[in-house]
Amino acid sequence: MTAGLREAGAVLAAESARFASLGWMRGTSGNLSLVLSRDPLRLAVTGSGLDKGELTAEDVVLVDGRGAAVQGGRPSAEAALHARVAALTGAGAVVHVHTVASVAMGRREPGGIVFRDLEMLKGVGQPAHDVEVVLPVIANSQDMAELGDRLEAARNPRMPAVVVAGHGLYAWGEDPVRARHHTEVVEWLLELELARR
Ligand SMILES: CSC[C@@H](O)[C@@H](O)C(=O)COP(=O)(O)O
Ligand SMILES: [Zn+2]
């Protein structure tokens, strides 16, 4: 494994441990990625089927723009969707977590979840007042190309996240820290909506 990939693995392991400690990656759920190059597109993605709270710097796979392994073991089953999100949005890092609030709210609002008049909206780059911001909800699929098509069709450029119904939350950002902040902010918004209905 190259030093660059191991370094990316260390970042993903630390981020993963943080999400797992919040209970957002229970069992072996969730996955993370970090873009290492744009042309050609190459991402460091967490390995498949691992306990995301116990990853080491070695538990990472280099994948191409279609999510296929270039170096390392078995990449996340959702690596192709990470690559699609990175290509589509220009994000440098993608987070996928299995939170209760995202699944519960996806059930309640299958057409999209509307947020308004919340200071926390500033955490996803939106004004706090006088605008409605929609978090898209897409149907789940085991086919990452199909899921990617749904995400592309439903994506709201003002919201760096999408809920996958019956599954969880995808969020992204310029780098791992910003992707984490977006994940935390969107999860906060979802928990609030869930609590107030
Ligand atoms: C309970 S894990 C469910 C998986 O199918 C998947 O949705 C997931 O989030 C983790 O898959 P992985 O291949 O480990 O990255
Ligand atoms: Zn998942």
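The values are calculated or read from the model by the stated rules, or taken from the named source; none is laboratory data. Keep in mind it's a predicted model, so treat the numbers as computed, not measured. Here the Cβ is made from the backbone with ideal geometry for all residues, glycine too, and neighbour counts use every protein chain on show. Each accessible area value is taken on the protein alone, full model and side chains, heavy atoms only, with ligands, DNA and RNA left out. Shrake-Rupley method; radii C 1.70, N 1.55, O 1.52, S 1.80 Å.
Under 7 Å between Cβ atoms, at least 6 apart or on separate chains: pull out the pairs that start in region 4-17 with a residue that is part of a helix (DSSP H, G or I) and end on any residue that is open to solvent by less than 10 Å² (accessible area, probe 1.4 Å) and of a type in the set (Ser, Thr, Tyr).
That search, which allows pairs on different chains as well, returns LEU12/THR46; SER16/THR46.
Is there any pair with a first residue in region 30-43 that is in a loop (DSSP other than H, G, I, E, B) and a second that is more than 13 Å from ligand 1 (Cβ to nearest atom) whose Cβ atoms are under 7 Å apart and which are 6 or more apart or on different chains, and what are they?
Cβ pairs passing all conditions: PRO40/ASP64; PRO40/GLY65.
Just checking, does region 119-129 include any residue being open to solvent by less than 70 Å² (accessible area, probe 1.4 Å) and within 16 Å of ligand 2 (Cβ to nearest atom)?
Step one: of region 119-129, the residues open to solvent by less than 70 Å² (accessible area, probe 1.4 Å) are 120-121, 123-128.
Retained after the next criterion (residues that are within 16 Å of ligand 2 (Cβ to nearest atom)): none.
No, every residue in region 119-129 fails to be open to solvent by less than 70 Å² (accessible area, probe 1.4 Å) and within 16 Å of ligand 2 (Cβ to nearest atom).
Taking VAL60 as meeting all but one of (1) of a type in the set (A, V, I, L, M); (2) surrounded by fewer than 23 Cβ atoms within 10 Å (Cβ to Cβ); (3) more than 24 Å from VAL163 (Cβ to Cβ), write down the number of the exception.
Of everything listed in (1) of a type in the set (A, V, I, L, M); (2) surrounded by fewer than 23 Cβ atoms within 10 Å (Cβ to Cβ); (3) more than 24 Å from VAL163 (Cβ to Cβ), VAL60 misses just condition (2).
Given (1) in a strand (DSSP E or B); (2) aliphatic (A, V, I, L, M); (3) away from ligand 1 (no atom under 16 Å from the Cβ), identify the lone condition not met by LEU169.
With (1) in a strand (DSSP E or B); (2) aliphatic (A, V, I, L, M); (3) away from ligand 1 (no atom under 16 Å from the Cβ) applied to LEU169, the lone miss is (3).
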